[in-house]
Amino acid sequence: MASPEFALGVADARAGRPYRDGYQIWRTDAQWNYERGRQWARLVPASVVLKRNGKITREAAEWSRHQFKDIL
């Protein structure tokens, strides 16, 4: 959740944007983090802010634990 690519995935999914230009040439970890961000954005209400002042919010972390406990 802390990676820049995760945050980009969240922002793009919430805005209804397609994949970023150059996604195909990103390193594998960056692609996975971006994908996780897009999925997180679909599972968590848009009112939940991912980061504030550069740090993951408590609410975002709680939603992640709640939503992904059965997946991970």
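Every number here is computed from the coordinates shown, using simple stated rules; none is lab data. Predicted model, so just to flag it, every value in this text is computed and none were measured. All Cβ positions, even for glycine, are placed from backbone atoms using ideal geometry, and neighbour counts span all protein chains on display.
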Can you tell me which of VAL10, VAL49 is surrounded by 14 or more Cβ atoms within 10 Å (Cβ to Cβ) and β-branched (Val, Ile, Thr)?
-> VAL10
Please state which of the following conditions VAL49 fails to meet, knowing it meets all the rest: (1) part of a loop (DSSP other than H, G, I, E, B); (2) over 15 Å from MET1 (Cα atoms).
-> (2)
